[in-house]
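The structure under discussion appears below in the form of structure tokens.
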Ligand code: FAD
Ligand code: DLZ
Ligand code: SF4
């Protein structure tokens with residue numbers, strides 16, 4: 001009895017139990033489909049990375065003796081949708097049963113369960129083990145209260161998985177978090193480590209994608225493509241990160257710099273999100289670096305918190321809030337994205353750096369996503385759904401389960417504070433403290449009003465002024481509202497006028 005097993009483009013985990021036995025009657029099916037390339041406009045590197053990694057995975061499965069049916073994007077028999085292709089492939093091979101791994105996006109999960117319900121052969125979903133927690137765990141651990149606290153969740157997962165604990169089950173070093181030690185700007189040393197990622201020539205694949213008519217944006221960089229596309233490459237990247245960058249990871253986690261794009265970040269999110277790496281092994285490698293004295297506790301705890309804490313937490317928020325989360329818009333923001341989100345051409349040095357980097361590399365580190373691009377989007381009242389679509393397309397690591405809560409919840413506060421305890425916004429002061437952007441900027445970071453005033457400044461105060469109704473009773477914002485109360489009517493009116501002029505002229509900032 002033949003069985004078809006569907007492997008999606010973000011399920012490239014060779015250690016899944018599916019692949020432990022070679023069986024002639026099992027056929028693995030992978031498909032490049034317009035359904036997935038077109039649900040949002042993707043960055044060119046994201047398309048190349050997914051297809052290259054899928055093709056490599058299929059070829060490694062074949063090398064291991066498995067039977068694989070691979071459908072390329074321009075295959076004349078490609079029906080460009082997962083259900084239709086499953087029907088064709090099942091018929092072709094005379095499959096009596098279809099299995100799929102639980103998808104990580106609600107959209108595909110719905111589609112496959114509807115397919116299973118209507119199919120005329122049995123269709124079975126199989127769990128994956130790609131995470132430390134189950135889909136519905138955030139809801140269960142934290143109850144149904146309005147606000148969820150990541151820290152509480154993180155502690156419980158650390159205890160359950162016995163990560164960074166001492167023999168008595170207490171947190172290593174006595175503290176659960178060393179975040180307070182980790183907020184430094186980068187003074188230029190230690191030097192940013194050399195880029196450890198592999199080099200690939202994917203020009204032929206890119207031509208095939210373009211010829212098939214798939215639309216995209218951003219630099220393809222196909223001739224010197226820098227993302228890992230198989231597990232061996234991802235493991236080599238993990239090794240290099242642990243050796244060269246982890247010791248400084250947390251100290252400079254929030255730093256930004258015009259000439260250091262990666263700083264001490266791992267660049268592992270793509271490998272993790274397409275499951276070439278398992279989060280358990282990444283966490284274990286980091287913990288080993290601490291235990292063996294290769295990296296300080298604060299650095300290791302900070303890194304592990306991102307994976308064991310934030311990554312699992314946002315996934316739980318996604319499943320607890322879907323469907324409907326995608327329409328969150330607590331502030332009723334409706335302004336369209338300015339054109340320069342697509343080319344980086346703005347005189348704001350921080351935005352230009354962050355956007356150009358995103359468009360050139362399909363990556364920007366967390367604080368650029370949160371405190372530069374997301375910060376501006378929220379202060380300027382950009383439509384959160386458009387912002388979400390942009391983030392979903394532009395980053396190599398963007399899959400809805402992780403991108404949506406980060407964008408709508410953490411960055412845009414569009415869910416009214418279900419995920420973040422206060423909006424992540426700042427004036428120029430924070431950006432200046434954490435980066436060297438303001439030095440070369442056409443705008444004056446110290447000015448609030450006037451032609452050269454940094455747009456972030458008036459927008460920041462105007463944001464809190466406009467949203468008093470929603471925010472002024474938030475006890476984490478007491479200081480902000482006390483400062484706002486010190487502006488006299490004239491100063492407040494000048495801020496409002498300046499903010500109005502900024503958003504009216506947003507296309508030419
Ligand atoms: P590092 O800084 O080295 O961190 C290590 C790992 O921790 C990452 O690889 C990632 O797996 C995990 N991690 C860190 N922060 C988060 C977080 N907030 N949520 C989930 N995992 C986290 N991350 C994505 O993987 N996909 C996205 O689509 C995505 N969209 C984002 C959108 C916004 C608005 C913001 C503010 C953050 C977003 N993040 C997203 C989180 C974070 O910015 C990226 O995971 C990180 O920049 C990836 O680069 P890195 O691998 O070098 O991460
Ligand atoms: C992101 C993506 C893209 C661009 N293309 C494909 C594809 O052609 N085939 C495929 O199986 N997966 C692709 N993916 C990843 C899927 O979007 C992802 O597997 C689902 O959304 C589930 O998370
Ligand atoms: Fe950004 Fe304002 Fe600084 Fe310019 S002055 S880099 S716009 S924060």
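The values are calculated or read from the model by the stated rules, or taken from the named source; none is laboratory data. Quick caveat, the model's predicted, so the values are computed rather than measured. Cβ placement follows ideal geometry from the backbone for every residue including glycine, while neighbour counts extend to all protein chains displayed.
Okay, here's what the table says:
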read-out	value
Residue that is at pLDDT 95 or above, farther than 23 Å from residue 346 by Cβ, in contact with a helix residue (DSSP H, G or I) (Cβ under 6 Å, 6 or more places away or on another chain) and away from ligand 1 (no atom under 16 Å from the Cβ), where the choices are 464, 456	464
Residue within the range 173-188 that is assigned to a loop (DSSP other than H, G, I, E, B), farther than 20 Å from residue 301 by Cα and out of contact with any strand residue (DSSP E or B) (no Cβ under 8 Å at 6 or more places or on another chain) present	yes
Breaking point among (1) surrounded by fewer than 17 Cβ atoms within 10 Å (Cβ to Cβ); (2) not in a loop (DSSP other than H, G, I, E, B), for residue 75	(2)
Scope the range 339-358; condition within 12 Å of ligand 3 (Cβ to nearest atom) and in a loop (DSSP other than H, G, I, E, B); matching residues	346, 347, 348
Residue 428 away from ligand 1 (no atom under 16 Å from the Cβ), modelled with pLDDT of 95 or more, under 27 Å from residue 261 (Cα atoms) and crowded, with 22+ Cβ neighbours inside 10 Å	yes
Residue check, residue 255 part of a loop (DSSP other than H, G, I, E, B) and within 21 Å of the chain's Cα centre (by Cα)	yes
Every residue from the range 331-349 that is without any contact (Cβ under 8 Å) to a residue 60 or more places away in the chain, surrounded by fewer than 16 Cβ atoms within 10 Å (Cβ to Cβ) and closer than 17 Å to residue 388 by Cα	332, 334, 336
Filtered residues of the range 387-443 (kept if more than 12 Å from ligand 3 (Cβ to nearest atom), in contact with a strand residue (DSSP E or B) (Cβ under 9 Å, 6 or more places away or on another chain) and closer than 24 Å to residue 461 by Cβ)	412
Those residues of the range 78-90 which are assigned to a loop (DSSP other than H, G, I, E, B) and either within 11 Å of ligand 2 (Cβ to nearest atom) or at pLDDT below 95 (or both), in sequence order	78, 80, 81
From the options 53, 125, 58, 96, residue that is touching a strand residue (DSSP E or B) at 6+ places or on another chain (Cβ under 9 Å), surrounded by 17 or more Cβ atoms within 10 Å (Cβ to Cβ) and in contact (Cβ under 8 Å) with a residue 24 or more places away in the chain	58
Total residues in the range 444-458, condition near ligand 3 (Cβ under 10 Å from one of its atoms) and more than 23 Å from residue 186 (Cβ to Cβ)	6
Residue 328 vs. criteria within 14 Å of ligand 1 (Cβ to nearest atom), surrounded by 19 or more Cβ atoms within 10 Å (Cβ to Cβ) and more than 29 Å from residue 467 (Cα to Cα)	no
Filter result for the condition that a residue is at pLDDT 95 or above, surrounded by fewer than 21 Cβ atoms within 10 Å (Cβ to Cβ) and assigned to a helix (DSSP H, G or I), over 260, 294, 299, 232	232
Test for residue 43: is it within 16 Å of ligand 2 (Cβ to nearest atom) and either touching a residue at least 40 places away in the same chain (Cβ under 8 Å) or within 18 Å of residue 127 (Cα to Cα) (or both)	yes
Residues within the range 472-483 that are more than 10 Å from residue 422 (Cβ to Cβ), at pLDDT below 95 and surrounded by 14 or more Cβ atoms within 10 Å (Cβ to Cβ), tallied	1
Failed condition for residue 416, given (1) more than 9 Å from ligand 1 (Cβ to nearest atom); (2) at pLDDT 95 or above; (3) surrounded by fewer than 23 Cβ atoms within 10 Å (Cβ to Cβ)	(2)
Odd one out for residue 450 among (1) surrounded by 20 or more Cβ atoms within 10 Å (Cβ to Cβ); (2) touching a strand residue (DSSP E or B) at 6+ places or on another chain (Cβ under 9 Å)	(1)
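Per-residue answers, yes or no, for (1) at pLDDT below 95; (2) crowded, with 21+ Cβ neighbours inside 10 Å; (3) part of a helix (DSSP H, G or I); (4) within 16 Å of ligand 2 (Cβ to nearest atom):
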residue	(1), (2), (3), (4)
360	no, no, yes, no
373	no, yes, yes, no
403	no, yes, yes, yes
433	no, no, yes, no
